[in-house]
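Nothing in this text is a laboratory measurement; each read-out follows from the coordinates by a stated rule. Note that the structure is a prediction, hence the values are computed from the model and not measured. No Cβ is skipped: glycine too gets one built from the backbone with ideal geometry, and neighbour counts run over all protein chains shown.
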């Protein structure tokens, strides 16, 4: 049942104030290529994707004061924010992981859909991304 | 020069108080297989490795009060602790990333060696792992 719930780690997200400055460091010093740079309207963030070879590093910067990550950055320093696993069946995954909750699936980056787990095991925010079915 | 500094993301580390409890959740609920469980003496930690398909989730629990992660857990909640990239040339990588520092290469988990970057971009602790040369 739980085997193969996730197929891979899609990305590790870092919350930052200035996406340009952070992206320059990760590209120019750490040598990671920038492969995406977009605005996700629903969560109110700019997302810069860096290619780490087998997965992505995602820089998340708020574009609105009411974005959840803007609130997070008022309460925390910049830093590791969440991890995101990929699933082939997002709705099944959400029902299993967030039982009894109304769907929180939203339009995420890279043309995908995603939701966040309501439980944060060991204080780790976990996102699950995948194609939205139906 | 900086291209291909890293070959992949080796793991994402989560600092926890109780490795058994955390490992059970990640295995039984999230379906990630445990593929390693060992003590790393130098940093004074127990490391549990979970297979995420393309990379590992590493649970880090202190086994000594003077372990750096024990200090970290006194100052922070459990949670995302560091990310670790893999390199094919650890000494070159350390000289480039930590210029002027004495070597901080230590025996890490999975039979590998590793060092931590002295700079923590956007407050992200970054480890680099690889085979130790010479």
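Tell me, what are the semi-axes, in whole angstrom and largest first, of the equivalent ellipsoid of segment A:8-130 as set by the roots of 5 times the Cα gyration tensor eigenvalues?
Details: eigenvalues 112, 56, 33 Å².
They are 24, 17, 13 Å, listed from largest to smallest.
Just to confirm the number: angle between the C-alpha axis of helix A:19-28 and the first principal axis of chain A, 0 to 90 degrees, nearest 10?
Rounded to the nearest ten degrees, it is 80.
May I ask you to give the average projected area over all directions of the convex hull of the Cα atoms of the protein assembly as shown, in nm² rounded to one decimal? Walk me through the numbers before you get to the answer.
Details: hull surface 57.2 nm².
Average projection, Cα convex hull of the protein assembly as shown: 14.3 nm².
How crowded by other chains is B:10-16, given as the mean number of beta carbons from other chains within 10 Å of each beta carbon? Let's see the in-between values first.
Details: counts 2, 1, 6, 1, 6, 3, 4.
Per residue, the number of nearby Cβ atoms from other chains is 3 on average.
Calculate the spin-label point distance for residue B:17 paired with residue B:41, positioning each point 7 Å from the Cα along the beta-carbon direction, and give it in nanometres.
Result for the modelled spin labels: 2.9 nm.
For each of A:125, A:95, count neighbouring Cβ atoms within 10 Å of the residue's Cβ, then give the residues from fewest to most.
Numbers: A:125 18, A:95 13.
So the ranking, lowest neighbour count to highest, is A:95, A:125.
Can you compute the label reach from residue A:29? Point 7 Å from Cα along the Cβ direction, backbone N cut-off under 19 Å, restricted to segment B:100-114.
Counting backbone N atoms under 19 Å from the label point, the list is B:100-105.
Starting from the 7 Å offset along Cα-to-Cβ, what nm value, one decimal, do you get for the label separation of residue B:107 and residue B:63?
Each label point lies 7 Å from its Cα, and together they span 1.1 nm.
Between segment A:67-134 and segment B:3-52, how many Å separate their Cα centres?
Rounded to whole Å, the Cα centres lie 21 Å apart.
Just counting partner chain Cβ atoms within 10 Å, what average do the residues of peptide B:78-86 show around their Cβ? Don't skip to the answer; put the middle values down first.
Working: counts 5, 8, 12, 2, 1, 7, 0, 6, 3.
Whole-number average of other-chain Cβ neighbours for B:78-86 is 5.
Give me A:46, B:91, A:74 ranked fewest to most by other Cβ atoms within 10 Å of their Cβ, as a rough exposure proxy.
Values: A:46 20, B:91 16, A:74 9.
Arranged by neighbour count, lowest to highest, A:46, B:91, A:74 become A:74, B:91, A:46.
Evaluate peptide A:17-28: per residue, the Cβ atoms of other protein chains within 10 Å of its Cβ; return the mean as an integer.
Values: counts 1, 1, 0, 0, 2, 3, 0, 0, 3, 4, 1, 1.
Mean partner-chain Cβ count within 10 Å for A:17-28: 1.
If you rank A:92, B:11 by fewest surrounding Cβ atoms within 10 Å, what's the result? Show your work: numbers first, answer last.
Numbers: A:92 13, B:11 26.
Going from least to most buried by this count: A:92, B:11.
Given the DSSP H assignment, sum -39500 (n - 2.57) over each helix run of at least 4 residues in chain A and divide by its residue total; what's the result at 222 nm in deg cm²/dmol, nearest 500?
Details: 3 runs with 26 residues, N = 134.
Calculated at 222 nm, the ellipticity per residue is -5500 deg cm²/dmol.
For the residue pair residue B:132 and residue B:91, what label-to-label distance in nm results when each label sits 7 Å from Cα along the Cα-to-beta-carbon direction?
Once both label points are built, they end up 1.2 nm from each other.
If packing is taken as the mean number of other Cβ atoms within 10 Å per residue, what is the order of A:18-28, B:55-65, highest first? Mind dumping the intermediate values first?
Details: A:18-28: 16.0, B:55-65: 20.9.
Descending mean neighbour count gives B:55-65, A:18-28.
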